[in-house]
Protein chains: 2
Amino acid sequence: MAMMILAEEIGPMTLCPIGEIHTPYARREDIPRQGRLSPELCEIEVYPKYAYALKDIEQCTHLFVIFWLHLADRDRLTATPPLDGKEHGVFATRSPNRPNPLALDAVELLEVTENRLTVRGMDALDGSILLDIKPYSAGIDSFPQARIAWQKDGEA
Amino acid sequence: MAMMILAEEIGPMTLCPIGEIHTPYARREDIPRQGRLSPELCEIEVYPKYAYALKDIEQCTHLFVIFWLHLADRDRLTATPPLDGKEHGVFATRSPNRPNPLALDAVELLEVTENRLTVRGMDALDGSILLDIKPYSAGIDSFPQARIAWQKDGEA
């Protein structure tokens, strides 16, 4: 029999900063429309307290990076992506405005020096708070056939 | 000049439950090693308050689902994946034990009925708290060439 987990029983879901992301993007308008399409290198700094959790990360060619969208409007339920110009639900877009402002970037890992990772493909504001890093596994994470009907060019 | 964002200035990063995930996995030992390799269907229930944020989601073939790993040990910095048997940093594994217990599943979207999504490819415990849904975009999220040196079969 399924044992339901109730949100009330879990208590507050509070995140801790585990590092900072250094990028060339000081203002929102500096951020490329898709980080993946930009050649810029960014640096992920993991706080020393968590550095040991990076053990063997240099064995990964690509990573998922989750960070906090501190400027997000958490009350917005729809967004209008620039290329499309039509309103969609925020869960059908990658808009930073969403109930839980978690950003997800799939990036290429280029270099690891102690607690600092050099990556390509981020679209974070400089100084963004790092929340999690996960190895990207082609076997479970790559869906080249995925489609979003309302978009034509990979923009979401 | 880069304007640094300090964690202290952002204040508490607290998440809100936006729904629940219904799966056939009542206990941790029921969960398939990789959700993607299982044919089981799971249901994502978005709370009515957030249902409008699903507008147009049926146009997406694949989604990212982020949920809370409420049983995680947040103090663990290393994990020993079963297939590998060696210790790696948690940021180089998909272990549920990590400083911020955020789970990320890339899933196939099969059906949308009002505020309920039927998906394939989840590895969540039944009743897990839903945090975010994002459209999977092949153009920015698919890296079929990604490799993790210490793993042989897509397990991380």
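Computed from the coordinates by the stated procedures, all read-outs in this text should not be read as laboratory data. The shown structure was predicted, so the numbers you read here are calculated from the model rather than taken from an experiment. Here Cβ is always computed from backbone atoms with ideal geometry, including for glycine, and neighbour counts include all displayed protein chains.
Of the options B:Ile148, B:Tyr52, B:Ala124, report the single residue whose Cα projects farthest towards the positive end of the charge dipole of chain B (beta-carbon charges: Lys, Arg +1; Asp, Glu -1). Final value for the positive-end residue is B:Ile148. Each label point was placed 7 Å from the Cα along the Cα-to-Cβ direction; for A:Arg74 and B:Lys86 their separation is 4.1 nm. Full extension of the chain segment joining A:Glu29 with A:Arg116 gains 28.7 nm, where the gain is 0.36 nm per residue of separation less the Cα-Cα distance. Of all lysines in the structure, the ones whose alpha carbon falls short of 17 Å from that of A:Lys55, not counting any fewer than 8 places away in one chain, are A:Lys134, B:Lys86. Packing order of peptides B:89-101, A:83-95, highest average first: B:89-101, A:83-95 (average count of other Cβ atoms within 10 Å over each peptide's residues). Where the centroid of each part is defined by its Cα atoms, how far is segment B:70-132 from segment A:18-55 in Å? Here the two parts' Cα centres lie 23 Å apart.
Calculated mean residue ellipticity at 222 nm for the protein assembly as shown: -500 deg cm²/dmol, from DSSP H runs with n ≥ 4 weighted as -39500 (n - 2.57), summed, divided by the residue count and rounded to 500.
Under the convention that each Lys and Arg Cβ holds +1 and each Asp and Glu Cβ holds -1, the size of the dipole of segment A:1-110 around its Cα centre is about 240 debye.
Spacing of the modelled spin labels on A:Thr14 and B:Ile10, each 7 Å from Cα toward Cβ, amounts to 1.5 nm.
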